[in-house]
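In what follows, a single structure is set out as structure tokens and then discussed.
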Amino acid sequence: MKRLIYDIEQIFAIIPERFRKKIRFSLFYSLLNGLLDIVSLAMLIPVILIFLDPTQVRSNSTIFSVYDILGFASARSFQVAMLTGLAVLFIAKNIISVRIHHHLSKTVFSIASDLSENALNAFFKTSYLEFVKSNSALISRKIKTIPHDFASYILIPLINMVSEMVIAGIIILVITLYNPVISLLLVSFMIPVLLVFRWFKRKHIDNIEQDFRDKYPKSLKYLLQGVDSYIDVKLYQKEDFFTGKFITLKKDMNENYAWLKTTSFLPAKVLEVVLVLGIALIFAYSLLFPSNIDLIPLLSLFIAGFYRLYPSITRILNAITSLNAYRYVLDEVKDAEIQYQPKQEIDFYDKIVFDRVTFFYPEKDAVLKEICFEIAKGQCVGICGQSGSGKTTLMKLLLGLITPTSGSITVDGIALSEDNTWLARVGYLQQQPVIIDATLEENIAFGEMNIDIEKLTKVVKQANLTSFIKELPTGLRTSLGENGLQVSGGQRQRIALARALYRDAEVLIFDEVSNNLDQTNLLEIGSSISYLIASGKTVILIDHDPILLNLADRVLEVFEGAVHESERSTPLL
Ligand SMILES: Nc1ncnc2c1ncn2[C@@H]1O[C@H](COP(=O)(O)OP(=O)(O)OP(=O)(O)O)[C@@H](O)[C@H]1O
């Protein structure tokens, strides 16, 4: 019980503030729904009675007072009216019930959407270093699966459980008042159900939480890795490795899922047996003591009580199973709401300054030590250095994705961080630019809802994309497919360049773009870069290719953690 209260407190803490009132209403409506069930069942008993024995209309004082107040002239017309009333009541009750369930589901799944939104915002807020340590399976689980599981397997079962507990309590109380023997019979029959359930839960359900926590993300990881490395998997003939890893985990999980399903099925079956045994016991009692018992009302009461207690008990037990199996979700969904703070504006009009910047990755030696240099606005600076010397790290620092361990990086005197608008001024072109599964124009405008056609046409020309577009079946509106697999390395680079130009980036960083380009594409990118330099953009070229480095006003060399002005040892063209 203590655990349950603790869980309820935790669950309430997770529900976003604006939904708490709605959830309380949902709970209230669920209770109302249960009460309507009880009322309609209670109405069933007198209707059965007057049908089986019409003399009850006059002999039963309660029934007679209703008959009298409503001014009926014959028992038959009263029977018909009661039956019609009962039908209307059941229809109305079930319509209300559907509406209440819809309200509950709508509220609960709106909460799931809210939690997903929070998780996605939190993901975009994670630091670059945390991001590189994470994996996509875990991220997608946190954003998609966990909020959904919280709604489906925690919130709905919890609301059902609380309202069903109250309803079961009311039913037992009412029956006790009417006939304590039946009440005792009903309660004592529930005990074997609870014992069987408890045994099952201990044996099979308690491991399921571990499955959901550990095996599910691992299996998803192998699945995604296998799909993402399609070419390598085929090349190295490692289909069995990925399939094997995935399927071993999946089989274990499915075995436990099977027990989870069986457990939810179990109470209904046991309760059915209990119902038949109860009826048999009442019959046996009436045979043994015929004068002591009024068989029909007793049986009606037992069956009516059971009819409503049966789903109550099933729902309570299933809710307990669900809360146990999915309790881990509570730890993973707890992330606080993101507080948005306005970002500090940076208008780049003078220079970028690296002042005694040192950077260590966690648990590693310093990649860069006390480096100092400046880049003036409008300059084109080349950066070269051996593989692993720290060129990309330098760029991540310049982008503000990572912050110096010591020293400072400032733009016009303002220190770089994710809390200022610096990233909006920078276009970063990587070796393998990202292509999203969308049209070419959506790839260029990247995340803009309303595409500015005039600007689009301009950047398409600047990035030398005109001839590529002519080859496409529907021009700029052609879909580039998942991961842009149908686009060549050179085309990718030009699309990325158009993307950077579309957002009016002031500073353009080209990170080893020559790696995936042939001579023709390299010259084309080179001519685009020359155009950018001429138009006053600040350009940073991390590269080893003389064709590109030749475009730079100066070249910096990263070597053993330091940065020197290079003598341009390579003959420039
Ligand atoms: N996220 C990270 N965590 C830990 N170490 C890292 C991380 N990223 C890079 N490193 C290490 O930092 C060093 C510099 O890496 P960086 O990618 O900056 O080099 P680079 O000069 O760009 O190399 P390349 O030319 O091969 O791309 C390397 O030793 C690398 O292993």
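The values are calculated or read from the model by the stated rules, or taken from the named source; none is laboratory data. What you see is a predicted model, and the numbers here were worked out from it, not measured in a lab. For neighbour counting, all protein chains shown are included, and Cβ atoms are generated from backbone atoms with ideal geometry for every residue, glycine included. The protein model used for the area step is the full one, side chains on, heavy atoms only, and it has no ligands, DNA or RNA in it. Shrake-Rupley method; radii C 1.70, N 1.55, O 1.52, S 1.80 Å.
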How many nm separate the modelled label positions at residue 417 and residue 98, each set 7 Å beyond the Cα in the direction of the Cβ? 5.6
Starting from the Cα of residue 218, draw a straight line to each of the lysines and keep only those under 23 Å, dropping any in the same chain fewer than 8 residues away. 133, 142, 144, 234, 238, 245, 250, 251, 261, 334
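Note down the relative contact order for segment 351-565 as a percent, whole number, built from C-alpha pairs under 8 angstrom at least six residues apart.
Details: 401 pairs, mean separation 65.7, N = 215.
Answer for segment 351-565 is 31 percent.
Just tell me, in residue order, which DSSP H segments of the chain are both 24 angstrom or longer along the helix axis (alpha-carbon based) and at least -0.5 in mean Kyte-Doolittle hydropathy. Spell out each step's value before the answer.
Working: long enough: 17-52 (54 Å, 1.18); 75-125 (74 Å, 0.64); 156-178 (33 Å, 2.14); 180-200 (31 Å, 2.14); 239-288 (71 Å, 0.67); 295-325 (43 Å, 1.10).
The answer, listed by residue number, is 17-52, 75-125, 156-178, 180-200, 239-288, 295-325.
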Quick check for you: which residues of segment 154-189 have the amide N under 13 Å from the point 7 Å beyond the Cα of residue 277 toward its beta carbon? 185-189
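Relative contact order, percent, of segment 8-333 when contacts are C-alpha pairs under 8 Å separated by at least 6 residues?
28
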List the lysines whose Cα lies under 20 Å from the Cα of residue 2, skipping any in the same chain that are fewer than 8 positions away. 201
May I ask you to list the aspartates and glutamates whose Cα is less than 13 Å away from that of residue 125, ignoring any residue fewer than eight positions away on the same chain? 117, 335, 337, 418, 419
For 30, 488, 59, give me the order by solvent-accessible area with a 1.4 Å probe, most accessible first, ignoring ligands, DNA and RNA. 59, 488, 30
Cα centroid separation, segment 1-64 to segment 138-209 (Å): 16
I'd like the distance separating the alpha-carbon centroids of segment 467-517 and segment 218-279, in whole Å. 41
Give the span of segment 351-565's Cα atoms along each principal axis, as three whole-Å numbers ordered largest to smallest. 53, 36, 35
With 0.36 nm assigned to each residue of separation and the Cα-Cα distance removed, residue 469 to residue 136 gains 116.6 nm
Heavy atoms only, probe 1.4 Å: what % of the accessible area of segment 8-333 goes to carbon and sulfur, would you let me know? 67
Give me the accessible area per residue for segment 351-565, probe 1.4 Å, as a whole number in Å². 45
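For Cα pairs less than 8 Å apart in space and 6+ apart in sequence, what is the mean separation divided by the residue count of the chain, i.e. the relative contact order in percent? Numbers along the way, then the final one.
Numbers: 739 pairs, mean separation 78.1, N = 573.
This gives 14 percent for the chain.
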Hey, rough spin-label estimate for residue 10 and residue 144, points 7 angstrom out along Cα→Cβ, what's it come to in nanometres? 2.6
Do the alpha carbons of any pairs in 22/93; 391/537; 215/364 sit beyond 26 Å of each other, and which pairs? 215/364
Could you give the accessible area per residue of segment 8-333, probe 1.4 Å, as a whole number in Å²? 55
In nm, spacing of pseudo-spin labels at residue 17 and residue 209 (7 Å Cα→C-beta vector): 3.1
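What longest region of the chain stays clear of GluC sites (Glu not before Pro) that DSSP places outside H, G, I, E and B and that have at most 12 other Cβ atoms within 10 Å?
Between exposed loop sites, the widest span is 1-344.
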Chymotrypsin sites (Phe, Trp or Tyr not before Pro) lying in DSSP loop within segment 209-266, provided at most 10 other Cβ fall within 10 Å: 236
Length gain on complete extension for the stretch residue 53 to residue 81, per 0.36 nm per residue less the alpha carbon to alpha carbon distance? 8.5 nm
